[in-house]
């Protein structure tokens, strides 16, 4: 047959040096794989990885599922929605800032932000790694009905606290905390309430669904 390799000669295989190898592998497996998306209400003190480190717990203490991976991280000292999936392209769409999936945070801050502080958050604030993209920000009145944090936050009796809702499309390191600090209202507690259309609805802390 024209173009066929001579008998006894092995054809070279596309290995890890082939940039399309992961794509081909995923394309072959995808028809036989059921895409799965896990919603997890991550408690304070839990890392966005399965392995524990130091004083922080790992996801394996709560989720015993093989083959799922975190789609978008959440700091150990933050709480709320964490998504996991076994679907590589879906993981990329959720985690990669280029896809601009909105992330909604409920943030308890020190003091009472005025309109100037909220306007600065909306238009973008300048951080040490550059200005942030415009965001949506509003006071939450009444405060959200969230669970008690363990351990509780440290409050100063002479200074009130306020909850704000902040919706961003970026994912820089500790971005929300740095944004509120930049407008004069340090973050005391941070809860991620939604990622795109996926929310915390129906999930108690430490529980998952999917």
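A compact table of results
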quantity: Verdict on residue 202 being farther than 19 Å from residue 142 by Cα, modelled with pLDDT under 95 and touching a strand residue (DSSP E or B) at 6+ places or on another chain (Cβ under 9 Å); calculated: no
quantity: Exclusive hit being on the phi < 0 side of the Ramachandran plot and part of a loop (DSSP other than H, G, I, E, B), set 118, 133; calculated: 133
quantity: Leading residue by the ranking (nearest to residue 199 (Cα to Cα)) among those in region 165-182 that are in a helix (DSSP H, G or I) and in contact with a strand residue (DSSP E or B) (Cβ under 6 Å, 6 or more places away or on another chain); calculated: 176
quantity: Verdict on residue 156 being more than 24 Å from residue 70 (Cβ to Cβ), in contact (Cβ under 8 Å) with a residue 40 or more places away in the chain and part of a loop (DSSP other than H, G, I, E, B); calculated: yes
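The values are calculated or read from the model by the stated rules, or taken from the named source; none is laboratory data. No experiment lies behind these values; they were computed from the predicted model shown. Quick reminder, even Gly has a Cβ in these numbers, built from the backbone with ideal geometry, and neighbours come from all protein chains shown.
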